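Asks: What follows is a structure written as structure tokens; I'll ask about it next.
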Amino acid sequence: MIETKAVQAPDGVASAVRHAGIAGAALVFVHGVGSTAAIWDRQLDAFSGDYRTLAVELRGNGVPKPEPDPTAITRAGYAADVLAALDALQIERATIVGCSLGGVVAFELWERASARIEGMVILGSFAAYPNARAYADGIRNAVQAAGTMEAFARERASRLGAMPEARLRETLDQMANKSVASYLAATEATWTGDYRATLATIDVPVLVCVGESDVIASPVLSREIADGIAGCELASIPHAGHVANADNPDAFNALLRGFLAKAAVG
């Protein structure tokens, strides 16, 4: 059964963690800028029998209310949220599984607390986004033109390609869960980092994977990550776009389970 626990980072900002499973090595799932922690429920259900599974609800994500001052919504703040979740559940080390922004958070965590990381799975993410400043500004302009997160969510979802009605509804609901101010701050944090120099320092097992139809973080960006980390594996997920763990959970779960077994996590 999935439970939710409120947590607080050292800077006083509240976040939350969805968790399931009471035994085994820990898996920490970190969502993307357009998702909530619930995007990982399929993985929490699938892996909680063998692992302690956590999905962090990053600050400014709409839950819990009230949302923080936007100036607190940073990559460092997101890393603090993950560490606060680990501490709240008394977990010393974990494998970080991050999609898009979640992959960025994994790199930020490595720079700040590498001793807490047992392995990484980076999904649909990037070490440095091409033309990052212009891309982030374009999103900011689109949000402001849309006026509400609901309107922006529908426009943004249309760029992710055709998806079943249930996935579309999930996408719209999760994006609309955020305020405009929080989403704009999260946009800045998501797209403007540069972790290319960090890649060579990562010395834990890493799997990089990407949906074959990802138009947000192309396979070229996943290849750049994999090429920068010694011994890193790279895999493509069929019939999936940017949020491949939700688009094709069976294929993603099989990749993750195989990686965990090969890496002897835990």
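The values are calculated or read from the model by the stated rules, or taken from the named source; none is laboratory data. Remember, it's a predicted structure, so these values are computed and weren't measured experimentally. Every residue, glycine among them, receives a Cβ derived from its backbone with ideal geometry; neighbour counts consider all protein chains shown.
Asks: Considering (1) buried (at least 19 other Cβ atoms within 10 Å of the Cβ); (2) more than 16 Å from residue 29 (Cβ to Cβ); (3) within 18 Å of the chain's Cα centre (by Cα); (4) at pLDDT 95 or above, say which one residue 229 fails and leave the rest.
Replies: In the conditions (1) buried (at least 19 other Cβ atoms within 10 Å of the Cβ); (2) more than 16 Å from residue 29 (Cβ to Cβ); (3) within 18 Å of the chain's Cα centre (by Cα); (4) at pLDDT 95 or above, residue 229 misses (3) alone.
Asks: A further question on this structure: Looking only at segment 22-73, count how many residues are touching a His at 6+ places or on another chain (Cβ under 9 Å) and free of Cβ contacts under 8 Å to residues at least 24 places away in the same chain.
Replies: 0
Asks: Pull up segment 143-193, narrow it to residues that are free of Cβ contacts under 8 Å to residues at least 12 places away in the same chain and not in a helix (DSSP H, G or I), then point me to the one that is farthest from residue 39 (Cα to Cα).
Replies: For segment 143-193, the residue satisfying everything is 147.
Asks: Give segment 32-64 a look and list any residue that's within 17 Å of residue 175 (Cα to Cα) and surrounded by fewer than 24 Cβ atoms within 10 Å (Cβ to Cβ), or say none.
Replies: 33, 36, 38, 39, 41, 62, 63, 64
Asks: Identify the residue in segment 194-222 that is of a type in the set (Ser, Thr, Tyr) and part of a helix (DSSP H, G or I) and, among all such residues, is farthest from residue 135 (Cα to Cα).
Replies: Ranking the qualifying residues of segment 194-222, first place goes to 201.
Asks: Related question: Report, by residue number, each residue of segment 228-250 that is of a type in the set (Asp, Glu) and closer than 15 Å to residue 120 by Cβ.
Replies: 233
Asks: Follow-up. Take the residues of segment 1-17 that are touching a Leu at 6+ places or on another chain (Cβ under 7 Å) and crowded, with 23+ Cβ neighbours inside 10 Å: which is nearest to residue 185 (Cα to Cα)?
Replies: For segment 1-17, the residue satisfying everything is 15.
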